[in-house]
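Below is one structure; the comments refer to it alone.
The values are calculated or read from the model by the stated rules, or taken from the named source; none is laboratory data. If you're wondering where the values come from, they're calculated on a predicted model, not measured in any experiment. Backbone-built Cβ (ideal geometry, glycine too); neighbour counts: all protein chains shown.
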Amino acid sequence: MTDLPTAENPLRIGTRASPLALAQANMAASALIAVHGIAPDTLQIVPMTATGDRIQDRALAEVGGKALWTRELDAALDADEIDIAVHSLKDVETLRDPRFALVAMLERADPRDRLVVREGVDAVSIADLPHGARLGTSSPRRAAQVKRLRPDIVTTLLRGNVATRLGKLAAGDVDATLLAAAGLDRLEMFDIGAVQGADLLLPAASQGAIGIECRSDDDKVRALIAAIDHTPTHVAVAAERAFLAALGGDCRSPVAAYAHFRADGSLRLDAEIFSDDGAEHAAGHVLVTGAGDAGALAHRLLDEAPEAVRRLFSA
């Protein structure tokens, strides 16, 4: 590949084939076009179906975890079938194969969740849901947070892309669900659901962030995509992922982490870890000034957490 891609030798952008993933891949393509002044035909989007998209009847934690979102893209990247992979970062394992480098992140979108309810349910917050309501989610974090706030609510497995989940909601399979505001916005579903404050439902680590990987030894592609990196997002999300790494957390574990820059320029990392049923938890925050601060918070929360929480984490 030359320093810039050409129509004859395009940059191949790997992505999952879901509508949301394709929208995110197109966002990455648009950023590259804008920064480098290249023509659209110098970029080629290569969609593929992830194992996680094919398995809809079980929780991911039971069948392989977050690797089910990245397996096919990793294989294609390693085989030089694609040049970069575009990911929803919250779906990417914290510890990655050193053959791949997470070089760039696009500017983060709204990291919060939205509550979406079926017709006939009048609720704009978790507190408003009727007693014993059925809330569908595939996220251990969301399930634990909801149960901590409302032990009467029944959480049930709800998987699939956004359209599938909304279809199941409309069919009455569940009374409510929680979806990422960022994903809904990227699908131009701006009016669906009610945003839940981060003080009520602390987001998942990396939620709202798009990550772009390439082969670690591909210096030309690294330089190409580094130009679209949004540094504040990268710094904040790196802190969240460092917290997860120190904690030993993955999609099997109910954990929330959100780092954000305050008005004075400092970076604050808030985090919570939960038992499966949400009844027990530990929460705290730290101002991130160095590489070890996120890990120190993880170990502090583990020390403070009840046994029902500690046993869920491997650190």
- Options 97, 57, 80, 110; residue that is at pLDDT 95 or above, charged (D, E, K, R) and either surrounded by fewer than 17 Cβ atoms within 10 Å (Cβ to Cβ) or assigned to a strand (DSSP E or B) (or both): 80
- Inside the stretch 275-289, the number of residues satisfying the requirement of being over 15 Å from residue 253 (Cα atoms) and modelled with pLDDT under 95 is 0
- Note on the structure: Pairs returned, first residue in the stretch 296-315 that is outside the structural domain of residue 256 (by TED's automatic domain parsing), second residue that is of a type in the set (Gly, Ala, Ser) and in a helix (DSSP H, G or I), beta-carbon separation under 8 angstrom, 6 or more apart or interchain, are 315/246; 315/298
- Message: Please go through (1) touching a residue at least 24 places away in the same chain (Cβ under 8 Å); (2) more than 19 Å from residue 91 (Cβ to Cβ); (3) touching a His at 6+ places or on another chain (Cβ under 8 Å) for residue 152 and return the number of the only condition it doesn't satisfy.
- Response: (1)
- Would you mind stating whether residue 2 is modelled with pLDDT under 95, assigned to a loop (DSSP other than H, G, I, E, B) and over 18 Å from residue 89 (Cβ atoms)? yes
- Query: Picking from 135, 158, 169, 179, which residue would you name as being in a loop (DSSP other than H, G, I, E, B) and surrounded by 15 or more Cβ atoms within 10 Å (Cβ to Cβ)?
  - Reply: 158
- Query: Any chance the stretch 196-214 includes a residue that's under 30 Å from residue 12 (Cβ atoms), surrounded by 17 or more Cβ atoms within 10 Å (Cβ to Cβ) and polar (S, T, N, Q)?
  - Reply: yes
- From the options 174, 195, residue that is in a loop (DSSP other than H, G, I, E, B) and modelled with pLDDT of 95 or more: 174
